[in-house]
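Peer 1: Below is the structure I would like to discuss, written out as structure tokens.
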Amino acid sequence: MQLQSHISTILLISILVYSTSTRALDDPEFRYNEKSRNGPQHWGDIKKEWATCKKGNMQSPIDLSSNRVKVIHKSGDLKKNYKAQYATVLNRGHDVAVNWKGDAGSILINGTHFFLQQAHWHWPSEHTINSRRYELELHMVHVSPQPDGTNKTAVIGLLYKYGSPDPFLSKLGKYIMDIPEEEEEKSIGVIDPSEIKMGGNKYYKYMGSLTAPPCTEGVVWIINKKVRTVSRGQVKLLKDSVLKYYTKRNARPLQPLNQREILLDDPKANNKPQY
């Protein structure tokens with residue numbers, strides 16, 4: 001009788017563990033499907049810490065429309081100084097991320113250093129240019145530690161259309177193909193962020209937010225105007241690596257501009273602002 005009771009207890013625990021893990025897989029905290037009960041329009045209601053997703057007025061992504069852009073000439077406003085550092089690749093369930101484990105260099109924006117932390121991908125692109133949505137968007141996330149213990153964030157965004165393979169993804173392909181399960185990291189050795197080819201020297205700049213919960217505002221966005229190329233196979237590899245809920249898309253819908261200024265830094269432009 002005691003043995004039977006012990007076996008029953010083990011079975012009950014197993015069922016609870018299985019059902020808990022199944023619920024976690026069946027119902028992630030947030031989704032990108034707009035018809036889902038925890039889709040983008042509901043993010044701000046899921047947790048009080050995510051309220052900014054609903055109430056914020058400087059949310060990202062946005063459409064970088066020509067009729068909203070102020071063209072300026074401030075060549076040298078953005079300076080990049082990256083260096084090779086050990087990194088890992090991580091399956092975060094909703095995307096694939098590369099995390100640098102030490103000092104991988106920084107960017108300098110208006111006298112402030114923002115240090116590179118990680119890079120991840122969204123499909124299709126989150127930002128659009130003149131309402132054109134592209135096949136992929138890479139975000140390079142940088143932080144600047146503040147005296148009060150908080151961080152300021154700056155993100156460089158790169159847009160991709162279908163075409164020739166992206167060299168950086170080509171290098172990471174074998175690791176992504178063998179990426180561990182959700183929330184597990186895999187070492188990929190020393191990776192130089194400079195291998196992420198940007199091309200061009202024109203970029204959009206505006207103040208926005210993180211594009212996933214908690215949607216924190218005050219993020220400096222730098223979007224390179226040059227659209228690079230990525231192969232269909234590379235995008236498929238990224239999609240196949242994440243949970244099934246994100247294989248179609250992990251891009252947040254466009255957010256209202258709310259009178260924010262969008263600058264386009266063009267080295268060839270006249271010093272006088274153009275509209």
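The values are calculated or read from the model by the stated rules, or taken from the named source; none is laboratory data. Note that the structure is a prediction, hence the values are computed from the model and not measured. Please note: Cβ atoms are built from the backbone with ideal geometry, for glycine as well, and neighbour counts cover all protein chains shown. What goes into the accessible areas is simple: the full protein's heavy atoms, side chains included, and nothing from ligands, DNA or RNA. Shrake-Rupley method; radii C 1.70, N 1.55, O 1.52, S 1.80 Å.
Peer 1: Sorted by mean Cβ packing within 10 Å, highest first, what order do the peptides 204-214, 35-45 take?
Peer 2: 204-214, 35-45
Peer 1: Apply 1/(1 + (r/R0)^6) to the Cβ-Cβ distance of ASN130 and GLU49, taking R0 = 25 Å, and write down the FRET efficiency to the nearest 0.05.
Peer 2: 0.15
Peer 1: Find the accessible area per residue for the chain; the probe is 1.4 Å, ligands and nucleic acids are left out, and the unit is Å². All intermediate terms of the calculation are to be shown ahead of the outcome.
Peer 2: Numbers: 14470 Å² over 275 residues.
Dividing the accessible area of the chain by its residue count gives 53 Å².
Peer 1: OK, next. First select every other residue whose beta carbon is under 13 angstrom from the beta carbon of GLY218; then total the charges, Lys and Arg +1, Asp and Glu -1.
Peer 2: +1
Peer 1: Next up: Shape call for region 211-275 from the C-alpha gyration tensor, a ≥ b ≥ c root eigenvalues: rounded (a/c under 1.5), prolate (a/b greater than b/c) or oblate?
Peer 2: The shape class here is oblate.
Peer 1: Taking only complete DSSP H runs, can you tell me which helices of the chain stretch 24 Å or more along their own long axis by Cα positions and average at least -0.5 on the Kyte-Doolittle scale?
Peer 2: Within the chain the helices that satisfy the rule are 2-26.
Peer 1: Going down the list LYS83/LYS268; LYS54/LYS101; LYS48/LYS152, which pairs span over 24 Å between their C-alpha atoms?
Peer 2: LYS83/LYS268; LYS54/LYS101
Peer 1: Ignoring ligands, DNA and RNA, how do MET177, MET198 rank by accessible area with a 1.4 Å probe, largest first? Spell out each step's value before the answer.
Peer 2: Numbers: MET177 145, MET198 25 Å².
Descending order: MET177, MET198.
Peer 1: If you roll a 1.4 angstrom probe over the protein chains with everything in place, what fraction of the accessible area of the chain belongs to carbon and sulfur, to the nearest %?
Peer 2: So the carbon and sulfur contribution to the accessible surface is 52 percent.
Peer 1: Give the Cα extents of the chain along the principal axes, in whole Å, largest first.
Peer 2: Dimensions of the chain along the principal axes of its Cα atoms: 88, 43, 41 Å.
Peer 1: Moving to a separate point now. Label region 45-182 by shape, choosing from rounded, prolate and oblate, from the square roots a ≥ b ≥ c of the eigenvalues of the Cα gyration tensor; if a/c is under 1.5 it is rounded, and otherwise prolate applies when a/b is larger than b/c, oblate when it is not.
Peer 2: Since a/c stays below 1.5, the shape of region 45-182 is classed as rounded.
Peer 1: When we measure straight from the Cα of LYS236, which lysines land under 22 angstrom away, once same-chain ones fewer than 8 places off are left out?
Peer 2: Leaving aside lysines fewer than 8 places away in the same chain, those within reach of LYS236 are LYS161, LYS171, LYS174, LYS186, LYS197, LYS244, LYS248.
Peer 1: At 222 nm, what value in deg cm²/dmol follows for the chain if DSSP H runs of at least 4 each add -39500 (n - 2.57) and the sum is divided by all its residues, to the nearest 500?
Peer 2: So the calculated ellipticity at 222 nm is -6000 deg cm²/dmol.
Peer 1: With each label point set 7 Å from Cα along the Cα-Cβ vector, what nm distance links HIS73 and ASN151?
Peer 2: Going from the HIS73 label point to the ASN151 one covers 3.7 nm.
Peer 1: Okay, moving on. Near ARG92, within a Cβ-to-Cβ distance under 9 Å, what is the net charge of the other residues, with Lys and Arg +1 and Asp and Glu -1?
Peer 2: Once positives and negatives cancel, what remains is -3.
Peer 1: With a ≥ b ≥ c the root eigenvalues of the C-alpha gyration tensor of region 159-233, is it rounded (a/c under 1.5), prolate (a/b larger than b/c) or oblate?
Peer 2: oblate
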